[in-house]
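S.K.: First the structure, which I've put down as structure tokens, then a few questions once you've had a look.
Each reported figure results from applying straightforward, stated rules to the coordinates on display, with no laboratory input. Computed from a predicted structure; not experimentally measured. Here the Cβ positions follow ideal geometry from the backbone for every residue, glycine too, while neighbour counts run over all protein chains shown.
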Amino acid sequence: MRAIHFEQTGGPEVLQLVEIDAPQPKPGQVLIRHEAIGINFIETYLRSGLYPMKLPSGLGGEAAGVVEAVGDGVTRFKVGDRVAAAGTTFSYAEFSVVSAERAVAVPEGVDLKIAAAALLKGMTVEFLLRRLHEVKAGETILVHAAAGGVGQIMVQWAKALGAVVIATVGSEAKAARVRELGADHVILYREQDVAAEVRRITDGKGVPVAYDSVGKDTFEGTLKSLARRGMFVSFGNASGPAPPVEGRQLMLNGSLFFTRPTMNDYQATTEELDASAGALFDMIGSGKIGIEIGQTFPLADARKAHEALESRATIGASLLIP
């Protein structure tokens with residue numbers, strides 16, 4: 001099969017298209033023939049060396065397709081089933097194997113490309129809005145990078161919950177898009193003082209929760225945007241790692257909470273995984289969330305995909321097509 005590998009960390013140029021043997025499912029695993037592969041910002045961290053991994057290596061953690069083969073003992077799926085998985089092993093390839101307990105069934109009404117574009121991002125939004133902090137109707141929240149893949153889903157899901165959404169974006173074009181999705185207030189974070197705008201919008205109170213996937217560039221603004229006893233949810237480093245957080249900072253800014261969650265801790269069991277994916281597919285099926293696939297790239301163009309992602313030139317989700 002064709003796959004993307006890299007032998008050393010660095011920029012997008014380290015990604016190489018190679019021919020390797022297709023994996024075979026071991027007991028408890030399924031082999032997935034990919035129809036679409038999700039691209040997520042965490043993969044740029046792995047490729048660059050920000051998150052260490054053993055090299056040489058493949059890349060990617062999300063895909064949707066059809067079960068090609070099952071290992072011994074698998075009863076959860078059969079050959080021909082439509083499935084998706086977040087947490088696949090090296091999904092930048094034509095095939096991948098994954099534990100049957102970590103794959104999810106894709107309902108007939110959900111296109112496999114939509115599943116690949118939405119699964120990891122959408123399940124991230126699910127636990128951030130419903131379980132890490134339970135967003136309530138009437139609550140005002142701050143969402144950074146609102147025009148990105150996660151951000152678009154978060155804006156729509158938060159609005160479905162009845163929240164007031166303050167969204168930050170980097171351009172007027174992206175501002176127009178998030179307004180279409182329902183954002184109540186939009187801040188151009190490169191041109192405006194985010195914290196000052198949030199305080200103005202909230203009559204000086206600040207927000208009870210802020211979702212920050214940008215990192216270094218937005219850290220200070222996020223910290224200063226929070227209400228007393230507010231929660232700073234840091235779940236990405238698009239602009240580079242956020243600075244270390246001192247307990248005294250949290251005290252002086254209003255007895256704040258700071259968390260750096262990972263989805264694995266909110267899907268520790270197959271039951272949690274199925275519930276999260278089920279909630280996402282229900283939201284998509286109901287029409288409350290639309291998934292925008294802004295860019296698609298052939299598998300061989302993984303380098304171009306990473307260049308686009310890191311330049312923040314993308315809108316919505318990006319896919320690799322085998």
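S.K.: By its C-alpha gyration tensor, with a ≥ b ≥ c as the square roots of the eigenvalues, how is region 137-260 shaped: rounded for a/c under 1.5, else prolate for a/b larger than b/c, else oblate? If you can, show how the numbers build up before the last one.
M.R.: Numbers: a/c = 1.63, a/b = 1.33, b/c = 1.23.
Since a/c reaches 1.5 and a/b is larger than b/c, the shape of region 137-260 is classed as prolate.
S.K.: In the neighborhood of Thr140, defined by Cβ-to-Cβ distances under 15 Å, what is the net charge if each Lys or Arg adds +1 and each Asp or Glu adds -1? Mind showing how you got there, number by number?
M.R.: Numbers: positive: Lys136, Lys159, Arg199, Arg200, Lys205, Arg228, Arg229; negative: Glu134, Glu139, Asp184, Glu197, Asp203.
With Lys, Arg at +1 and Asp, Glu at -1, the neighbours total +2.
S.K.: With springs only between Cα atoms under 10 Å, which of Thr88, Thr75, Thr262 fluctuates most in a Gaussian network model of the chain?
M.R.: Per the Cα network of the chain with a 10 Å cutoff, Thr75 tops the list.
S.K.: What is the fewest-to-most order of Ser91, Ser225, Ser234, Ser171 by other Cβ atoms lying within 10 Å of their Cβ?
M.R.: Details: Ser91 32, Ser225 28, Ser234 22, Ser171 15.
Lowest to highest Cβ neighbour count: Ser171, Ser234, Ser225, Ser91.
S.K.: So what is the calculated 222 nm ellipticity per residue for the chain, using -39500 (n - 2.57) for each DSSP H run with n of 4 or more, over all residues, to the nearest 500 deg cm²/dmol? Could you put the intermediate results ahead of the total?
M.R.: Numbers: 9 runs with 91 residues, N = 322.
Taken over the chain, the calculation gives -8500 deg cm²/dmol.
S.K.: Projected onto the charge dipole of the chain (+1 at Lys/Arg Cβ, -1 at Asp/Glu Cβ, origin at the Cα centre), which of His306, Gly221, Ile32 gives the Cα projection farthest towards the positive end?
M.R.: Gly221
S.K.: Pull up the DSSP beta bridges for the chain and report the antiparallel fraction as a percent, rounded to 5.
M.R.: Numbers: 29 of 54 bridges.
Of those bridges, close to 55 percent are antiparallel.
S.K.: Considering the Cα positions of region 19-149, please state its Rg to one decimal place and its Dmax as a whole number of Å.
M.R.: Expressed in Å, the Cα Rg and Dmax of region 19-149 come to 16.3, 53.
S.K.: Taking the alpha-carbon centroid of each part, what is the distance from region 200-229 to region 25-94 in angstrom?
M.R.: Computed from Cα coordinates, the inter-centre distance equals 35 Å.
S.K.: Sticking with this one: Given that compact globular proteins tend to follow 2.2 N^0.38 Å, what is the ratio of the alpha-carbon Rg of the chain to that value? Walk me through the intermediate numbers first.
M.R.: Details: Rg = 19.6 Å, N = 322, 2.2 N^0.38 = 19.7 Å.
Taking the Cα Rg and dividing by 2.2 N^0.38 Å, one obtains 0.99.
S.K.: Which of the DSSP-defined H helices in the chain satisfy a minimum axial length of 15 Å, computed from C-alpha atoms, and a minimum mean Kyte-Doolittle hydropathy of -1.0?
M.R.: Length and hydropathy pass: 112-127, 149-160, 270-286.
S.K.: Still on this model: For Leu46, Leu188, Leu319, what ranking results if the residue with the fewest other Cβ atoms within 10 Å of its Cβ goes first?
M.R.: Values: Leu46 18, Leu188 15, Leu319 22.
With the sparsest Cβ surroundings first, the list reads Leu188, Leu46, Leu319.
S.K.: State to the nearest 20 debye the size of the charge dipole of region 137-260 about its Cα centre, where the only charges are +1 on K and R beta carbons and -1 on D and E beta carbons.
M.R.: On the way: 14 positive and 12 negative charges, 45 e Å.
My answer is approximately 220 debye.
S.K.: Continuing with the same structure: Once you put a point 7 Å from the Cα of Arg228 and another 7 Å from the Cα of Arg2, both along the Cβ direction, what distance in nm separates them?
M.R.: 6.0 nm
S.K.: I've got another one for you. Mind listing which trypsin sites (Lys or Arg not before Pro) in region 42-92 are in a DSSP loop and have 10 or fewer other Cβ atoms within 10 Å?
M.R.: When the trypsin sites (Lys or Arg not before Pro) of region 42-92 are filtered for loop state and at most 10 Cβ neighbours within 10 Å, Lys54, Lys78 remain.
S.K.: For region 127-182, state which GluC sites (Glu not before Pro) are in a DSSP loop and have at most 16 other beta carbons lying within 10 Å of their beta carbon.
M.R.: Working: sites: Glu134, Glu139, Glu172, Glu180; in loops: Glu134, Glu139.
In loop regions of region 127-182 (DSSP not H, G, I, E or B), the sparsely surrounded GluC sites (Glu not before Pro) are Glu134.
S.K.: How many nm separate the modelled label positions at Thr262 and Glu101, each set 7 Å beyond the Cα in the direction of the Cβ?
M.R.: Result: 1.8 nm between the two label points.
S.K.: Right, another one. Using a Förster distance of 56 Å, how high is the FRET efficiency between Lys26 and Ala173, based on the Cβ-Cβ distance and rounded to 0.05?
M.R.: On the way: r = 47 Å, r/R0 = 0.83.
Rounded to the nearest 0.05, the efficiency is 0.75.
S.K.: Still on this structure, I have one more. Counting only other residues whose beta carbon sits under 14 Å from that of Thr270, what net charge do I get with K and R as +1, D and E as -1? Don't jump to the answer; show the numbers that get you there.
M.R.: Numbers: positive: Arg76, Arg102; negative: Glu101, Glu271, Glu272, Asp274.
Result for the neighbourhood of Thr270: -2.
S.K.: Report the full-extension gain for the segment Leu50 to Glu271: residue separation times 0.36 nm, less the Cα-Cα distance, to one decimal in nm. Write out the running numbers ahead of the final one.
M.R.: Working: separation 221, 0.36 × 221 = 79.56 nm, distance 3.14 nm.
That works out to 76.4 nm of additional length.
S.K.: Taking the Cβ-Cβ separation of Arg131 and Asn253 as r and a Förster radius of 25 Å, what is the calculated FRET efficiency to the nearest 0.05?
M.R.: The pair Arg131/Asn253 has a calculated efficiency of 0.50.
S.K.: A further question on this structure: Pairs Lys174/Lys288; Lys113/Lys159; Lys26/Lys113: which are spaced more than 22 Å apart, C-alpha to C-alpha? Intermediate values should be presented prior to the final figure.
M.R.: Details: Lys174/Lys288 20 Å; Lys113/Lys159 24 Å; Lys26/Lys113 26 Å.
Flagged as over cut-off: Lys113/Lys159; Lys26/Lys113.
S.K.: Nothing charged except the Cβ atoms of Lys and Arg (+1) and of Asp and Glu (-1): what's the magnitude of the dipole of the chain about its Cα centre? Round to the nearest 20 debye. Before the final figure, lay out the partial values.
M.R.: On the way: 32 positive and 37 negative charges, 155 e Å.
Computed about the Cα centre, the dipole is about 740 debye.
S.K.: Taking the alpha-carbon centroid of each part, what is the distance from region 116-170 to region 243-322 in angstrom?
M.R.: Taking the Cα centre of each part, region 116-170 and region 243-322 sit 10 Å apart.
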